[in-house]
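The values are calculated or read from the model by the stated rules, or taken from the named source; none is laboratory data. Predicted, not measured: the structure shown is a model, and the values here were computed from it. Here the Cβ positions follow ideal geometry from the backbone for every residue, glycine too, while neighbour counts run over all protein chains shown. Quick note on the areas: whole protein, heavy atoms, side chains included, nothing else; ligands and nucleic acids left out. Shrake-Rupley method; radii C 1.70, N 1.55, O 1.52, S 1.80 Å.
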Amino acid sequence: MPEAVRKARAKIRKGGKPLTRIQREKQDIILDAALEIFSLHGFRGATIDQIADAAGMSKPNLLYYFPSKEIIHKRLIAELLVTWLAPLREMDPDGDPIPEIRSYIRRKLEMARDYPRESRLFANEMLQGAPRTIDMLEGDLKALVDEKAKVLYRWMDEGKIARTDPYHLIFAIWATTQHYADFDVQVRAVLGKGRNGEGRFEDAARFLENLFMTGLGTKRA
């Protein structure tokens with residue numbers, strides 16, 4: 001299990017009742033299977049039977065740990081937001097804005113590379129109007145973006161980066177980096193052989209760094 005996912009699950013479990021080692025392992029198996037099914041079929045197309053089959057357990061056994069598809073999905077989204085928001089949380093308000101923004105772009109591309117299923121899960125939920133996650137979006141997500149927008153405004157006031165709308169700057173970084181997860185098949189098909197390997201993420205990082213640094217009125221070192 002990726003370290004970021006492990007930390008996210010530990011953080012969410014901390015607020016619930018203590019689980020035995022076997023219970024934690026069973027939950028992890030179910031959640032990993034559900035992530036695969038939801039990322040392929042979306043919430044509406046996924047079924048408990050499909051998740052149970054992917055987890056290698058009976059439907060009654062799965063329902064013992066998670067009583068419904070909705071609960072599994074909400075748990076996955078909650079974990080995803082913890083993982084997804086970590087790169088933005090790491091943006092240091094006392095740091096140099098240029099390295100901080102560059103690092104954020106790279107961390108988001110690393111997320112696209114390492115967590116494509118999670119990205120597609122989130123994209124599917126957004127395309128459906130976020131019916132099961134709007135409270136999270138209007139809560140933790142908005143609060144964090146508001147916090148970092150204030151940091152970006154301060155850097156602009158200090159003349160360290162060009163003045164722009166910090167919210168749309170963050171949206172643009174999300175859109176351009178997550179594209180490499182959500183549209184991975186398209187990216188690899190268009191790049192073709194020789195350019196569609198793991199190196200495509202480093203190529204993307206260099207391009208996006210230059211794009212955003214130029215837009216912010218800075219020169220790439």
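Filtering region 82-92 to residues that are surrounded by fewer than 20 Cβ atoms within 10 Å (Cβ to Cβ), in a helix (DSSP H, G or I) and not β-branched (Val, Ile, Thr) leaves 85, 86, 88, 89.
If the condition is being in contact with a Lys or Arg (Cβ under 9 Å, 6 or more places away or on another chain) and open to solvent by 40 Å² or more (accessible area, probe 1.4 Å), then region 178-193 contributes 180, 182, 188, 191. The set of residues in region 1-28 being modelled with pLDDT of 90 or more and within 17 Å of the chain's Cα centre (by Cα) is empty. Only residues that are surrounded by 15 or more Cβ atoms within 10 Å (Cβ to Cβ), free of Cβ contacts under 8 Å to residues at least 40 places away in the same chain and closer than 15 Å to residue 117 by Cβ were counted across region 41-54, and they come to 4.
A quick yes/no check of all residues on (1) surrounded by 15 or more Cβ atoms within 10 Å (Cβ to Cβ); (2) closer than 30 Å to residue 69 by Cα; (3) among the charged types (D, E, K, R):
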position: 96; (1), (2), (3): no, no, yes
position: 107; (1), (2), (3): yes, no, yes
position: 112; (1), (2), (3): yes, yes, no
position: 151; (1), (2), (3): yes, no, no
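In the set 143, 175, 130, which member is surrounded by 12 or more Cβ atoms within 10 Å (Cβ to Cβ), among the small types (Gly, Ala, Ser) and either at pLDDT 95 or above or under 16 Å from the mean Cα position of the chain (by Cα) (or both)? Give the derivation first.
Values: 143 fails: surrounded by 12 or more Cβ atoms within 10 Å (Cβ to Cβ); 175 fails: surrounded by 12 or more Cβ atoms within 10 Å (Cβ to Cβ).
When all the criteria are applied, what remains is 130.
For residue 161, the conditions (1) surrounded by fewer than 20 Cβ atoms within 10 Å (Cβ to Cβ); (2) outside any helix (DSSP H, G or I); (3) aliphatic (A, V, I, L, M) are fulfilled apart from (1).
As a summary of the residue check, residue 31 satisfies the conditions (1) modelled with pLDDT under 90; (2) assigned to a helix (DSSP H, G or I); (3) within 28 Å of residue 184 (Cα to Cα) except for the one numbered (1).
Identify the residue in region 62-81 that is part of a helix (DSSP H, G or I) and free of Cβ contacts under 8 Å to residues at least 12 places away in the same chain and, among all such residues, is nearest to the chain's Cα centre (by Cα). Among residues in region 62-81 that are part of a helix (DSSP H, G or I) and free of Cβ contacts under 8 Å to residues at least 12 places away in the same chain, the one nearest to the chain's Cα centre (by Cα) is 71. The residue that is nearest to the chain's Cα centre (by Cα), among those in region 179-204 that are among the small types (Gly, Ala, Ser) and closer than 21 Å to residue 123 by Cβ, is 181. For region 177-208, a residue qualifies if it is in a helix (DSSP H, G or I) and touching a residue at least 60 places away in the same chain (Cβ under 8 Å), and the qualifying residues are 177, 178, 179, 180, 181, 182, 184, 201, 204, 205, 208. Scan region 114-125 and give yes if some residue there is assigned to a loop (DSSP other than H, G, I, E, B) and at pLDDT 95 or above, otherwise no. For region 114-125, residues assigned to a loop (DSSP other than H, G, I, E, B) and at pLDDT 95 or above: absent.
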